[in-house]
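The block underneath contains the structure these notes are about, expressed in structure tokens.
The values are calculated or read from the model by the stated rules, or taken from the named source; none is laboratory data. On a predicted model such as this, the values are computed, not experimentally measured, just so you know. When we count neighbours, we look across all protein chains shown, and the Cβ atoms used for this are built from the backbone with ideal geometry, even at glycine. What goes into the accessible areas is simple: the full protein's heavy atoms, side chains included, and nothing from ligands, DNA or RNA. Shrake-Rupley method; radii C 1.70, N 1.55, O 1.52, S 1.80 Å.
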Amino acid sequence: AYGVMSWWDYGHWITRIAQRIPVANPHQKGIGGPYRGNTSGASTFMTAQDEATANSIMDELDSRYIVIDIETAYGKYHTMVTWSGGNISDYYDILYREPDGEVRTFSDPGSRSAQYQLFHPAYYQSMCARLYNFGTEAAVPNNSTWVILYAEGTDDNGEKYKYLADVANGGKAFASYEEAQEFLNNHPGYIIVGMNPFASPIPIEALAEYELIHSSPVPNSTGQDYPYVKVFEYTGYEK
């Protein structure tokens, strides 16, 4: 008997349909993290920043397979960060910028401010993204590395927000990670971000002990050109 790693939402499905043992389930068992006694679980695996840490969690929980859907990798990602004890803003942020470059308050419903979701390196480096977004393969940035400077403001309701103070390279992505890093070395305060969850702004190594074994058909009900569900095998599994 082996475990199947997934977010807790899908635990009962794995039990009923696959007749396998889920690591986490809707009773919120197996989530792990500081709210569960600093134990290993689905949240700590999905947000793990290196393969060695992820492997140790899989070994400890006797897990052989991982099931991830697009909602886990994107829409529900923040819940895993929260349960693992992390800060969502370390993984992605919502930033604002006015079309004319002037930042205004955002409590005004008529504000013309543009809103951007920007992803930090920790998102791309996490096991969830390395599995689902990149299919265990290496990723080399190609016109996907953005370098920004942001500042914080307070709106009329006293709510804090972040806004883009500057976008380096003339408002365009750098052609390579190395060019972006060279800019950072001479411009303290700027940071690297990505605008597309499927295009990493940083180099990502291939995973050595994970293999993609199933992808659901595309297109799917979301209308997007990606598999809704992917299943991976942890090849380092030993019973």
Net charge dipole size for the chain [Lys, Arg +1 and Asp, Glu -1 on Cβ; Debye, nearest 20]: 740 debye
Stretch gain in nm, segment residue 235-residue 181, where the contour uses 0.36 nm per residue and the Cα spacing is subtracted: 16.0 nm
The chain, helix-only ellipticity at 222 nm - DSSP H runs n ≥ 4, -39,500 (n - 2.57), divided by all residues, nearest 500: -4000 deg cm²/dmol
Relative contact order computed over segment 154-239 (Cα-Cα under 8 Å; 6+ residues apart), in percent: 17 percent
Potential extension, residue 1-residue 56 segment - 0.36 nm per residue separation minus Cα distance: 18.0 nm
Mean Cα-pair separation over length for the chain, i.e. relative contact order, pairs under 8 Å, 6 or more apart, %: 19 percent
Cα-based equivalent ellipsoid of the chain: semi-axis lengths in Å, sorted from largest, via gyration tensor: 35, 21, 17
Heavy atoms of residue 9: accessible area, 1.4 Å probe, square angstrom to 10: 50 Å²
Apportionment of accessible area to carbon and sulfur, the chain, percent (1.4 Å): 49 percent
Student exercise, segment 155-239 dipole from Lys, Arg, Asp, Glu Cβ charges, in Debye to nearest 20: 160 debye
Listed residue (3, 208, 13) projecting farthest to the positive dipole end of the chain, Cβ model: 13
Length gained when the stretch residue 172-residue 29 is fully extended (0.36 nm per residue, less Cα-Cα span): 47.0 nm
Eligible lysines near residue 230 by straight Cα distance, threshold 20 Å, same-chain separation 8 or greater: 76
Signed unit charges on C-beta, dipole axis of the chain, positive-most listed residue 118, 128, 37: 37
Rg(Cα)/(2.2 N^0.38 Å) for segment 1-106, N = residue count: 1.29
Two-site FRET efficiency, residue 89 against residue 15, from Cβ-Cβ distance with R₀ of 35 Å, rounded to 0.05: 0.50
3J(HN,Hα) from dihedral phi, segment 63-73, Karplus parametrisation 6.51/-1.76/1.60, rounded to Hz, x for glycine, proline: 10, 10, 10, 10, 10, 9, 10, 4, 5, 5, 6
Kirkwood hydrodynamic radius of segment 11-65, Cα pairs, Å: 11.6 Å
Nearest-ten-degree value, helix 51-60 long axis tilted from longest Cα axis of the chain: 30 degrees
Alpha-carbon Rg/Rh ratio, for segment 135-179, with Rh computed the Kirkwood way: 1.20
